[in-house]
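Below is one structure, written out as structure tokens, with a few remarks after it.
The values are calculated or read from the model by the stated rules, or taken from the named source; none is laboratory data. The structure presented is a predicted model; accordingly, all values stated were derived computationally and were not measured. Cβ sites come from the backbone with ideal geometry, for glycine too, and all protein chains shown count toward neighbours.
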Amino acid sequence: MNALSSTLNVPLVPYMEWFARLESSANEEDDSHQHSGQQAENSRSALRMTHFFRIGLNATKNTESMGLLAKVHSEKGVKASPSLQNGSVRPLSAHDVKIWVANWKKIGFIP
């Protein structure tokens, strides 16, 4: 997340703070329908997922990704995969993040 934050030049905030901001935005959207057109639709689309992100507030030792996913164990996969055993697969890096962001910008997914 640090590499993504740096590449996009946005600050990292704790999940609880981020969720509180999202929920506040959802409440403001409900109270005021001043948006119009595509901007309003994009805003409503993101805010519709508030209930999903609320799950992250209940993270446990058996979950990861802020409680949104079950914890994944990879031992069996490594044993079954020659590629993972020989060390040819490298971990994701900041360089990978920069490539993703460049491609997302190129296709217009992000400005």
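Out of the residues in the range 57-83 meeting the condition of being small (G, A, S) and on the phi > 0 side of the Ramachandran plot, tell me which one is surrounded by the fewest Cβ atoms within 10 Å (Cβ to Cβ).
Selected residue: S65.
When H95 is evaluated against the numbered criteria (1) assigned to a helix (DSSP H, G or I); (2) modelled with pLDDT under 80, which criterion, by number, is the only one it fails?
(2)
If you check every pair at least six apart or on different chains, which have Cβ atoms under 8 Å apart with a residue in the range 78-94 that is touching a residue at least 40 places away in the same chain (Cβ under 8 Å) first and a residue that is hydrophobic (A, V, I, L, M, F, W, C) second?
Qualifying pairs under 8 Å: S93/A3; A94/A3.
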